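A short write-up of the structure that comes next.
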Amino acid sequence: MANELLKPELENVKEILSSILCDYAENAEQSSKRDRKELSNEIVKRLKQVVDDYGLDGIGTNEEWGGTEISLLDRTKLVEEASKHPFGLYHPAADVFGGAFPSFLTECTNKQRDYFLKPAMKTEKGCFIAVWEEAEDNDLTKLTTSAIRDQDSWIITGEKSYIQNLDTSGFGVILVNCQLESGELKPTLFLLDSVDQLERKEMTLIDVHSAHSIIFNQTRICDNQRIGAIGDGTRFIKQWLAESQVLLAAKCLGVSVQAIEYGKEFAKKRITRGKPLAEFPTIRNMLGKAYISLQSARLIVQDAAKRIDKNEEDWELIAQTAKLQATETASKIVDDVLQIHGGAGFAGDLPIERWYKEIRIARVNHLKSETIIENVSSKVLE
């Protein structure tokens, strides 16, 4: 089981992160540019120093690989704090905690760890996960990318889409259906050391986020790049998916906190019909409900993290519920804050418009809302 940070240590890290990001926010509001894509080098350097001082590089990653094994619960708390800036939803604290590695990589052999993981850790890069396809509709049983055995290799045919962090990762993982001699398909994971020889396509999602597709046209991959046994792929991916859902939920919490802060400050200083917006019942109602919804979502997210840490029953569905609640809550909060700002919300001085678009993407990442609701309904009706 992963370690838990001591409460004073955790609170110290959160407080320092908050102070640095607040400094950035104050400066950014004075010289904001709509086309700015990242935090300044000065801010990143200060954030990195915090990570080094507290030994938090590679949080959630096996200590043997050079990471810092802490509980998912502590990771959600750190990620929430680290997401309170314009680019925090997809790059909390400018990714200074290091590249993320899914827990199923503990199944890798020593040779695989030496070749793939350790070099990626040294360069502070994570790995990309190639699971989804354009037509599968969040259903792991409908994946069509397949592999046929050829002596000590597999010949892969198919296409994987919506891949994030392709260009910034040290290596990748792909889920394919290995076809046995009997014709049976067994979902299996393989490590990818390079996509340079593969056909790839970049896609822009609502002009604020990009993803990639990679095409396998009878691509040969060695069997020694397989993770675990043939047929273990779905089980491994479900664990990664649950952790990713909870961490995405935590990022949404951080963005929501900052959005409420922007809404509160604007409502206090914006004078309409002779008085501040903060004195109008409709605006007060928006902000009050936003606060209540945020607290409720945080409780659900942290409860899900605890249950996954303890490997409790129904952890998979609980993670989905946390992701749904946090993304829907963030979507409503940012929408209301944008409404409070009116046209000023689109001016580019604040990241409200960016969050509005990014959260729209987050709602379909790692299982879309409709799929999660259907899964919950099936559980309720058992």
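See the values below:
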{"quantity": "With Cα atoms, 0 to 90° folded angle of helix 369-380 axis to the chain main axis", "calculated": "80"}
{"quantity": "Flagged links, alpha-carbon separation over 24 Å, of Lys118/Lys323; Lys186/Lys238; Lys289/Lys323; Lys45/Lys125; Lys118/Lys201", "calculated": "Lys118/Lys323; Lys118/Lys201"}
{"quantity": "Per residue accessible area of the stretch 265-382, 1.4 Å probe, in Å²", "calculated": "54"}
{"quantity": "Degrees separating the helix 72-82 axis from the principal Cα axis of the chain, which is the longest one", "calculated": "50"}
{"quantity": "Whole-Å distance, taken between Cα centres, linking the stretch 144-204 and the stretch 247-303", "calculated": "43"}
{"quantity": "5 angstrom amide H check on Lys125, placed H, neighbours 5+ away", "calculated": "Gly99"}
{"quantity": "Electrostatic dipole magnitude of the chain [Cβ: Lys, Arg +1; Asp, Glu -1; Cα centre; debye, to 20]", "calculated": "1260"}
{"quantity": "Residue among Ile283, Gln302, Val337 farthest towards the positive dipole end of the stretch 283-350, charges placed on Cβ", "calculated": "Ile283"}
{"quantity": "Degrees separating the helix 281-309 axis from the principal Cα axis of the chain, which is the longest one", "calculated": "30"}
{"quantity": "Nearest-0.05 FRET efficiency for Leu140 and Thr109, computed from C-beta distance (R0 35 Å)", "calculated": "0.90"}
{"quantity": "Whole-percent carbon and sulfur share, accessible surface of the stretch 284-382, 1.4 Å", "calculated": "51"}
{"quantity": "The stretch 78-204, dipole about Cα centre (Lys/Arg Cβ +1, Asp/Glu Cβ -1), debye to the nearest 20", "calculated": "400"}
{"quantity": "Charge dipole of the stretch 31-162 about the Cα centre (unit charges at C-beta), most positive-ward option of Ile43, Gly55, Ala94", "calculated": "Ile43"}
{"quantity": "Heavy-atom accessible surface of the stretch 118-223: percent carbon and sulfur, 1.4 Å", "calculated": "43"}
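The values are calculated or read from the model by the stated rules, or taken from the named source; none is laboratory data. Everything numeric here is computed off the predicted structure, so don't read it as measured data. Don't worry about glycine lacking a Cβ; one is built from the backbone with ideal geometry, like all the others, and counts go over all protein chains shown. Side chains included, ligands, DNA and RNA excluded: accessible areas come from the protein's heavy atoms. Shrake-Rupley method; radii C 1.70, N 1.55, O 1.52, S 1.80 Å.
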